[in-house]
Amino acid sequence: MTLLDVTASTTTTETTPTRTHDAVGTANTRVEGIAKVTGQARYAGDIPFAELAHGWLVLSTVARGRIRSIDAEPVLAMPGVLAVLHHENAPRLKPGVGLMGPDASTLLLQDDRVPYRGWPVALVVAETAEQARAAAEALVVTYEEEPHDVVFTAGHPGAYTPESSRFVQPDVERGDVEAELAASAVVVDEEYTTPEQYHNAMEPHAAMARWEDGRLEVVDSNQGSHAVAQLLAALFSLDGDSVRVRSEHVGGAFGSKGFNAHLILAVMAATQLDRPVRVVLTRRQMFSLVGYRPATAQRVRLGADADGRLRALDHESVSLSSALQQFVEASTRHSRALYGADALRVRTKVVPLDVGAPSFMRAPGWAPGSFAVESAMDELADKSGEDPIRLRVRNEPAVAPGSGLPFSSRNIIACYEEGARRFGWADRDPRPGTRRDGRWALGLGMAASAHSAGVAPATASITAEADGTFTVRIAAADIGTGARTALILIAADALAVPKESVRMKIADSDFGPAFLAGGSMGTTSWAWAITEAAVALSKKVVPGDPIPPEGIMARADTTELVGGREQRESLGFGAQFAEVAVDVATGEVRVRRMLGVFAVGRVVNPTTARSQLIGGMTWGLSMALHEEGVRDVASGGLANADLAAYHFASNADVPVIEADWVDDPDTYNPSGIKGLGEIGIVGGAAAIANAVWHATGVRQRHLPIRLDRVLMAGAASGGGA
Ligand code: MOS
């Protein structure tokens, strides 16, 4: 409110302003909520532009081969059609780049090669979207077909160990796993599988591109406007400053809105036609163009003493990848972080097939990895006659098992205790199949959750305005999480002003580098930059002096601060509990209640934090019972590439889900925040599968837990419970 407040709050320490105000921690609805529910908020597909042309994608109908011909002439004669872009006439691109480095899947319309079914082979541009669609559907493309391989198995001869990188942790071999297993009183050795799972954010992907005064201007739906601008510049051989990307409102992303084909093609068309061009994906197109969670097959071997103390933990994860572009589902992250064992072995492999590149999907690695490891721990609990929570507590590690680094904090036992108390865990009969409610067999299950809580460099600026307000500019993204609102609270406290005095401008690459809304690292990374910018501003503003009409601006860049920290294993933790009812005659599984208790650092906005956690848990339920992309072996595509056939949890499937958190002080990041966008899904499917075992006495090691799987298991075990 006043500049005196700013100075007073920041003179006590140079890098950590005292929080004289306390907006952080109070419950707030989204600042853009009214705009969203009244339709005022405009998304990338909604914003009108003069002279806007519309592009429609044409996707390959074969899974592997070469384009023989594209018959553009008849289509160019159709109403409104302006252009047909394809590999013979499209602008040339520099070697492909993507968020993870070199990326062949961004090299669109560069040659006649077809790497998978659903690969873009042309873009038809017309005056209206309807004309573009009609022409795209009329375009005749012929192919030289080659045999394809889309069948994922753990023992596929093409499986290989990927090189380690920022996204791929190196394999671990510590101690003698085989010797420890041989010396163990209790052993679990099982394979768990998870299927392909598909991205379907509420807002389908959309991008508009145009050239304005020598600059490429893009309005897109993405998770990081600055990163996308840099990638576009590299791909199109442009100067970084000559690209501007904005994405003010994003209707869900979950990892799918990075750097996608429709955007690259919109830029190509806008460049060639010198007109604004928009490309919007259909739901069906999303199934082949925006990434997905690959199938995994995971073997987990646990060896323990009679009292449940782990001697050996061996986790091998094999996941589906693409022959076009490697993607590694890092499912062993869970086993690297959760349990201490005398000997630890974690190995990661991928199987490249003729499919589109998988990509990040909420809690990549952690979500499928936790299903395997937390199911195996439940099996070990049963085999050793130990309570599942006590077994986990007994195997708490002193340092991170995979890296050997100390944890920045690890408050998981409080999550177990609080969750057990609230869920009524003490009343659970450890024997399976003992409770019924009419035709329903009832069971309780639990699992541990964890997710990395990292931080990455970001830049931010704050302007003290002449009217006493403050404008924050940061290339953050609010993908529906409430990040914009959270950052207002953080800025208000850093400036020691009421939140009403703060204006938050985000999602514009012109604001400078900032990490993506991804990896549960967004809010933490942006909060640090904003807090530093508040400190810098306090040094420029002289108390009592009037602010000039143009305001006073200060910037901060946290690159050095982030890079200069000691290494720690920084993670959020949690415990999930589920009660299920299983009809062993029909195979129907209903989740009756779920509870998640998390240790996720300092919670900025309880309203949206709870919504993130509940959203993640709901997805965990969906993963447990419904979601499965089914490959059609003959065509190489998906058999269920639409929302009619791709099942996911809807309202009637979702019971009361409660999410809460325990105190989790952690000063490794100055803000004390641990990102919580992803942890809600981690452990959810295992808690449900463990509850299904408790209800029926039969293990479900393959997701989703479909009716037929419950029925077959019931038959195998002589009628179930
Ligand atoms: Mo997320 S899968 O880190 O965007």
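The values are calculated or read from the model by the stated rules, or taken from the named source; none is laboratory data. Bear in mind the structure is a predicted one, so any value in this text is a computation, not a measurement. In this analysis, Cβ positions are derived from the backbone assuming ideal geometry, glycine residues included, and neighbour counts consider all displayed protein chains. For the accessible areas, the whole protein counts, side chains as well, though only heavy atoms, and no ligand, DNA or RNA atoms are used. Shrake-Rupley method; radii C 1.70, N 1.55, O 1.52, S 1.80 Å.
Among 350-363, 547-560, how do they line up from the highest to the lowest mean number of other beta-carbon atoms within 10 Å? If you can, show how the numbers build up before the last one.
Values: 350-363: 25.3, 547-560: 15.3.
So the peptides 350-363, 547-560, ranked by packing, come out 350-363, 547-560.
So if I take the centroid of the Cα atoms in the range 650-712 and the same for the range 250-264, what is the distance between those two points in Å?
Taking the Cα centre of each part, the range 650-712 and the range 250-264 sit 26 Å apart.
Ignoring ligands and nucleic acids, what accessible area does residue 327 show with a 1.4 Å probe (Å², nearest 10)?
0 Å²
Assign unit charges at the C-beta atoms only (+1 for Lys and Arg, -1 for Asp and Glu), then state the dipole size of the range 579-721 relative to its Cα centre in Debye, rounded to the nearest 20.
200 debye
What does the charge dipole of the chain about its Cα centre add up to, to the nearest 20 debye, if the Cβ of each Lys and Arg holds +1 and the Cβ of each Asp and Glu holds -1?
Around 760 debye, computed over the chain.
Just to make sure I understand: if all protein chains stay in place, what is the order of 528, 661 by accessible area at 1.4 Å, largest first?
Of 528, 661, the descending order of accessible area is 661, 528.
If you take every residue apart from residue 235 with its C-beta less than 15 Å away from the C-beta of residue 235, what net charge results, scoring Lys and Arg +1 and Asp and Glu -1?
Taking every Cβ under 15 Å from that of residue 235, the sum is -1.
Report, for the range 455-559, the % of DSSP beta bridges that are antiparallel, rounded to 5.
75 percent
For the chain, what is the mean residue ellipticity at 222 nm derived from helices alone (per DSSP H run of n ≥ 4: -39500 (n - 2.57); sum divided by total residues; nearest 500 deg cm²/dmol)?
After summing the helix terms and dividing by residue count, I get -8000 deg cm²/dmol.
Order 667, 459, 38, 607 by their accessible area, 1.4 angstrom probe, all chains in place, largest first. Walk me through the intermediate numbers first.
Details: 667 130, 459 10, 38 80, 607 60 Å².
Result, largest first: 667, 38, 607, 459.
Would you mind pulling out the separation of the Cα centroids of the range 185-230 and the range 328-356, in Å?
22 Å
Give me the percent of Cα-Cα pairs in the chain that sit more than 35 Å apart, rounded to a whole number.
Summing the P(r) tail past 35 Å for the chain gives 46 percent.
Which net charge results when you count Lys and Arg as +1 and Asp and Glu as -1 among the other residues whose beta-carbon is under 13 Å from that of residue 62?
-1
Of all the accessible heavy-atom surface of the chain, with the other protein chains kept in place and a 1.4 Å probe, what percent is carbon and sulfur?
52 percent
If you add up the charges near residue 187, with Lys and Arg at +1 and Asp and Glu at -1, over every other residue whose beta carbon is less than 12 angstrom from its beta carbon, what do you get?
With Lys, Arg at +1 and Asp, Glu at -1, the net is -4.
So how do 396-406, 675-685, 333-343 stack up, highest first, on mean other-Cβ count within 10 Å?
The packing order, highest mean first, is 675-685, 333-343, 396-406.
Kindly work out what percent of the DSSP beta bridges joining two residues of the chain are antiparallel, to the nearest 5.
Details: 97 of 127 bridges.
Counting only bridges with both partners in the chain, antiparallel ones make up about 75 percent.
Students often check this: by mean Cβ neighbours within 10 Å, which of 465-473, 190-198 ranks highest, and how do the rest follow?
190-198, 465-473
Round to a whole angstrom and tell me the spacing of the C-alpha centers of the range 32-96 and the range 598-614.
38 Å
Where nothing but the Cβ of Lys and Arg (+1) and of Asp and Glu (-1) is charged, how large is the charge dipole of the range 290-354 around its Cα centre, in debye to the nearest 20? Mind showing how you got there, number by number?
Numbers: 10 positive and 7 negative charges, 15 e Å.
Here the size comes out at about 80 debye.
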